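The values are calculated or read from the model by the stated rules, or taken from the named source; none is laboratory data. None of these values were measured; they are calculated from a predicted model. Every residue, glycine among them, receives a Cβ derived from its backbone with ideal geometry; neighbour counts consider all protein chains shown. The protein model used for the area step is the full one, side chains on, heavy atoms only, and it has no ligands, DNA or RNA in it. Shrake-Rupley method; radii C 1.70, N 1.55, O 1.52, S 1.80 Å.
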Amino acid sequence: LADICNGTNYKVCKINAVSPPELTDTTNCLSGNITMVIVPKGSGASYKAAAGWKNYTIVEEGGCDVEVTVTTPGYMAVDIMEQAGVAPAKVTTLKVHGKINRTDFNVMKSNMLNCYSIDLSDADCDTIPDDAFNGKTYLIGFTLPQNCKYIGKNAFKDCSLSELSLPNGLETISDYAFYGTNIGGNITFPASVKNIG
């Protein structure tokens, strides 16, 4: 495992083993950059109790999946609490419907620290604001709104996206939008893109 992980810049590791693998050398076994480990549902407690795993933030897959319809732009946090019955801080995966604004992006970035996957495909939003997810190193899954036309400056700086699909109709990708971001797989730029920073 050490040879596989060393030298990567990824911040998140997903492990499918229900029982935690034994870590024999905690300084080299996982990359020094990895801080969050996503584990199978129901196995979080065993990982947290196992030797060597206390240095990582352990998040269970499917730990708190939330699907929310934003009733009024800027009220995402309230809608999550009312519709899902949980605080935004507990959300691990999020799917959003309805019109959203900058306040909602701030909630996703700053209040949902363990949220590693966000699906905005059905959100009414044509712009990803500047710095929207800048420094959200745990973000590995993200789906852009279908009607997204503009990705702001530093929008996904230093994220760890496992894949990224750019929607048809996207016109502008601003300066440093993906600077320092690890993106797995290939990216296809739609013919609609007119400006790349």
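Remarks
- Some residue of region 53-68 being more than 30 Å from R102 (Cα to Cα) and among the hydrophobic types (A, V, I, L, M, F, W, C): yes
- Candidates A123, A132: the one that is hydrophobic (A, V, I, L, M, F, W, C), in contact with a Pro (Cβ under 6 Å, 6 or more places away or on another chain) and modelled with pLDDT of 95 or more is A123.
- Flag for T143 being within 21 Å of V59 (Cα to Cα) and touching a residue at least 40 places away in the same chain (Cβ under 8 Å): no
- Residues that are under 10 Å from the mean Cα position of the chain (by Cα), over 13 Å from V66 (Cβ atoms) and among the aliphatic types (A, V, I, L, M), drawn from region 112-145: L113, L139, I140
- Residues satisfying the stated conditions in region 173-197, i.e. part of a loop (DSSP other than H, G, I, E, B), under 10 Å from L161 (Cβ atoms) and open to solvent by less than 40 Å² (accessible area, probe 1.4 Å): T181, G184
- Filter result for G42 (more than 20 Å from the chain's Cα centre (by Cα) and modelled with pLDDT of 80 or more): yes
- Single match in K90, K109, K95 (criterion: over 23 Å from P129 (Cβ atoms), among the basic types (K, R) and either under 20 Å from the mean Cα position of the chain (by Cα) or open to solvent by 20 Å² or more (accessible area, probe 1.4 Å) (or both)): K90
- Of all residues in region 137-194, those that are charged (D, E, K, R) and touching a strand residue (DSSP E or B) at 6+ places or on another chain (Cβ under 8 Å) total 4.
- Checklist (1) open to solvent by 20 Å² or more (accessible area, probe 1.4 Å); (2) within 24 Å of S192 (Cβ to Cβ); (3) within 14 Å of the chain's Cα centre (by Cα) applied to L161, failing item: (1)
- Residues that are over 19 Å from the mean Cα position of the chain (by Cα) and within 30 Å of K14 (Cβ to Cβ) were ranked within region 174-192; the one that is modelled with the highest pLDDT is S174.
- Y138 meets each of the listed conditions (1) among the hydroxyl-bearing types (S, T, Y); (2) in contact with a Pro (Cβ under 9 Å, 6 or more places away or on another chain); (3) crowded, with 20+ Cβ neighbours inside 10 Å apart from (2).
- Failed condition for T103, given (1) closer than 17 Å to F133 by Cα; (2) crowded, with 18+ Cβ neighbours inside 10 Å: (2)
- Number of positions in region 55-80 that are closer than 15 Å to C13 by Cα, in contact with a helix residue (DSSP H, G or I) (Cβ under 7 Å, 6 or more places away or on another chain) and open to solvent by 30 Å² or more (accessible area, probe 1.4 Å): 1
- Among the residues of region 112-135, just one is part of a strand (DSSP E or B), open to solvent by 20 Å² or more (accessible area, probe 1.4 Å) and touching a Cys at 6+ places or on another chain (Cβ under 9 Å), namely T127.
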